[in-house]
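Have a look at the structure below before the remarks.
The values are calculated or read from the model by the stated rules, or taken from the named source; none is laboratory data. Values in this document were obtained by computation on a predicted structure and should not be read as measured data. Every residue, glycine among them, receives a Cβ derived from its backbone with ideal geometry; neighbour counts consider all protein chains shown. Surface accessibility is based on the protein's heavy atoms, side chains included, excluding ligands, DNA and RNA. Shrake-Rupley method; radii C 1.70, N 1.55, O 1.52, S 1.80 Å.
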Amino acid sequence: MPPGIGGGVHKDSPHHDHLTAIYYPQSTWNHDEGGETLFFNQSISEIKMAVAPKPDRLVVFSGTIPHVARPVYRTSHTPRITLMYKTLGRAKAPSRPGRPAP
């Protein structure tokens, strides 16, 4: 995300067994630049946690947790870089004729 651009509060999934991982690969970061990921309670009325995009940090959380990426301040010359991974939970193998489902 370039400086000045933010996101909206959202959930990644309605399913409790789905996980989201956010990886921050940038090599340097100054806490005065902004760009935190904020995590909220379910009613989105209170911030429960703020995570700074510290270099080489990995955050894993339930996809049901409301969260948002805050913008990097316009005075920053460093973009906020993230890689997102989202799991779909445990999939059940389809049953085959003549075989019970696992």
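Here is a check on your reading of the model: is T28 under 20 Å from T87 (Cβ atoms) and not in a strand (DSSP E or B)?
No: the conditions fail for T28.
When the stretch 1-17 is examined, which residues are found to be assigned to a loop (DSSP other than H, G, I, E, B), open to solvent by 30 Å² or more (accessible area, probe 1.4 Å) and modelled with pLDDT of 85 or more?
Scanning the stretch 1-17 gives G8, V9, K11, D12, P14, H15, H16, D17.
Considering each residue of the stretch 53-81, count those that are assigned to a loop (DSSP other than H, G, I, E, B), open to solvent by less than 80 Å² (accessible area, probe 1.4 Å) and either touching a Pro at 6+ places or on another chain (Cβ under 7 Å) or modelled with pLDDT under 85 (or both), and give that number.
As a first pass, look at the stretch 53-81 and keep what is assigned to a loop (DSSP other than H, G, I, E, B): 53-56, 63-66, 70-71, 73-81.
After this cut, where a residue has to be open to solvent by less than 80 Å² (accessible area, probe 1.4 Å) as well, the list is 53, 55, 63-66, 71, 76, 78-81.
Pick out the ones that are also either touching a Pro at 6+ places or on another chain (Cβ under 7 Å) or modelled with pLDDT under 85 (or both) and you get 64, 71, 76, 78-81.
So the count comes out to 7.
Scanning for something surrounded by fewer than 16 Cβ atoms within 10 Å (Cβ to Cβ), of a type in the set (A, V, I, L, M), out of contact with any Ser or Thr (no Cβ under 6 Å at 6 or more places or on another chain) and more than 19 Å from Y85 (Cα to Cα), does the stretch 33-47 turn up at least one residue?
For the stretch 33-47, residues surrounded by fewer than 16 Cβ atoms within 10 Å (Cβ to Cβ), of a type in the set (A, V, I, L, M), out of contact with any Ser or Thr (no Cβ under 6 Å at 6 or more places or on another chain) and more than 19 Å from Y85 (Cα to Cα): present.
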